[in-house]
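For reference, the structure discussed in these notes is given below.
The values are calculated or read from the model by the stated rules, or taken from the named source; none is laboratory data. This one's a predicted model, so the numbers in the text were calculated from it and none came from an experiment. So basically every Cβ, Gly included, is an ideal-geometry build from the backbone, and we count neighbours across all protein chains shown. To get the accessible areas, we keep the full protein, side chains included, count just its heavy atoms, and leave off ligands, DNA and RNA. Shrake-Rupley method; radii C 1.70, N 1.55, O 1.52, S 1.80 Å.
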Amino acid sequence: MRRVVVTGLGLVTPLACGVEETWKRLLAGQSGADTIKQFDASHLATDYACEVKHGDGTDGTFNADDWMLPKERRKVDDFILYGIAAAEQAVQDAGWKPEDREGQIRTGVMIGSGIGGLNSIAETAVLIKERGPRRVSPFFIPGALINLISGQVSIKYGFKGPNHAVVTACSTGAHAIGDAARLIQWGDADVMIAGGAESSISEIGIAGFNACKALSTQHKDDPKNASRPYDANRDGFVMGEGAGVVVLEEYEHAVARGAKIYAEVLGYGLSGDAYHITAPAEDGDGAYRAMEAALNRAGVKPAEVDYINAHGTSTMADTIELAAVERLLGDAAANATMSSTKSCTGHLLGAAGAIEAIFSILAIRDQVAPPTINLDDPAVESQLDLAPNAKRERKIDVVLSNSFGFGGTNASLCMGKLR
Amino acid sequence: MSDVADRVKKIVVEHLGVEEDKVTENASFIDDLGADSLDTVELVMAFEEEFGIEIPDDAAENIQTFGDAVKFIKEAS
């Protein structure tokens, strides 16, 4: 089977716009949470979230003008804007701009989203109710469709290979990277731009997740303490937004053009819980089987796993995943570090798996595991080192990055230092 | 230039992101000002909104240049 490596990274997160700016803040244990600024959320059960910080582009702020012309921007929902910005960073980082037809048709795009243009849909529904169907913009549908990040990116760069988009709730980003890697392994493409994007911090998005009793509600006065995976006092996830995109490349293709190689995608595992629409199976069987499948594909023994970037959303489900990881690693759990970076970024839903795969890759590059912040009073005892409140400098050659979504959809990516 | 022409020009400049001096009497939205078919639908909607008129689909198809738009709106309003 052809080997797949990672040659480019791009991030738009609540911590910062940009890979290095985000990583620096993550290692320092900063929280991206704050009272919601983009609309008045004071009437909702949750009025805080991890929003992308808009600004002039300095100090890690996100300047929309850097990524899309104003006249194009108003035709798309924000999840597409964030996806395009992360893709641009990743493509620049990889230095891959094929000019010839062969290079273009061998390059594909697979960037997904969990929900897509939720805000556009809500606003347009109100518009129809108030002013009638003739006022609906011709850009409403192409500005809200999930696969239009992949479409826009392909048009921008002339990438004429496979054009696809994943929609598996909070597993979207991980599934996109795993599925895109498989397209390269099978020879459908030599290069894939893959990841996820999300922008559901809106009245309808917060109200919807509040109704599911999924969001934290008890930290209106101290939002930075709200996302606290594994802590006894956790009370739900904190919603995030942004995008993560990687450039995946067939190994020989990357070597031939002298590309910088961050890591290798060693394995990828998928499973379904077949249990409940929002809750994970209590025995953690789905999570266990996704991780086991990823390790089997990778040809990696559980004891070789150094770092796990957990799904760990700061909900009751955290301990289910924790138990599944302990079961998978056995006695070797004592030698592994697992952290939930959602403690800092919040939960980016369809983008989460992609930004966390990038954090896992950077953990390999810099031999450091990012912390789980706000972990003051662990809910359960564990052999695993959860990197409470401080980054962990250690050997990291093999990582697992887990993502689990509503509907009982599980994905695990195994990545490693290039061998 | 008439008030109608100024207001139409402002909409065209905003929506298509073009320089004001490119928006001339015979400038075609698609051939000269970079619009695609969806942009022209949105332009017509913006004209309707600005001038409080309704532009039927068959009439909209004949509005291809800046001059066409100004002429139609003057007759309709």
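What the table shows:
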item	result
Members of A:37/A:71; A:75/B:22; A:75/A:391; A:97/B:22; A:301/A:342; A:24/A:260 lying beyond 29 Å, as alpha-carbon distances in this model show	A:75/A:391; A:97/B:22
Rg followed by Dmax, in Å, when the protein assembly as shown is reduced to its Cα trace	24.2, 83
Sequence-distant residues sharing a close amide H with residue A:8 (under 5 Å, placed H)	A:247
Principal axis box of the stretch B:2-74, alpha-carbon based, largest edge first, Å	27, 27, 18
Cα-based radius of gyration of the stretch A:4-263 once divided by 2.2 N^0.38 Å, which approximates compact folds	1.04
The stretch A:330-419: GluC sites (Glu not before Pro) falling in loop per DSSP and having at most 12 other Cβ within 10 Å	A:381
Cα principal axis extents for the stretch A:1-140, largest first, Å	53, 43, 33
Sorted largest first, extent of the stretch A:194-284 alpha carbons per principal axis (Å)	53, 33, 28
Residue A:275 - accessible surface, heavy atoms, 1.4 Å probe, Å² rounded to 10	120
Charge dipole of the protein assembly as shown about the Cα centre (unit charges at C-beta), most positive-ward option of A:8, A:300, A:141	A:300
Pairwise label distance in nanometres, residue A:129 with residue A:43, each label 7 Å out on the Cα-Cβ vector	1.1
Residue A:334 paired with residue B:14, simple spin-label distance in nm, labels 7 Å along Cα-to-beta-carbon	6.9
Residues in the stretch B:8-51 occluded by at least 50 Å² - accessible area, probe radius 1.4 Å, against chain by itself	B:38, B:42, B:45, B:49
³J(HN,Hα) computed for each position of the stretch A:213-219 - Karplus, 6.51 cos²θ - 1.76 cosθ + 1.60, integer Hz, glycine/proline x	6, 9, 8, 5, 10, 9, 10
Stokes-Einstein D in µm²/s, Kirkwood radius over Cα pairs - the stretch A:269-416 at 25 °C with 0.890 mPa s viscosity	165
Listed peptides A:335-346, A:32-43, B:47-58 by packing density, highest first (mean Cβ within 10 Å)	A:335-346, A:32-43, B:47-58
Karplus 3J(HN,Hα) series, Hz, for the stretch A:172-189 with 6.51 cos²θ - 1.76 cosθ + 1.60 (x for Gly, Pro)	3, x, 5, 4, 4, 5, x, 5, 5, 4, 5, 4, 6, 4, 7, x, 6, 7
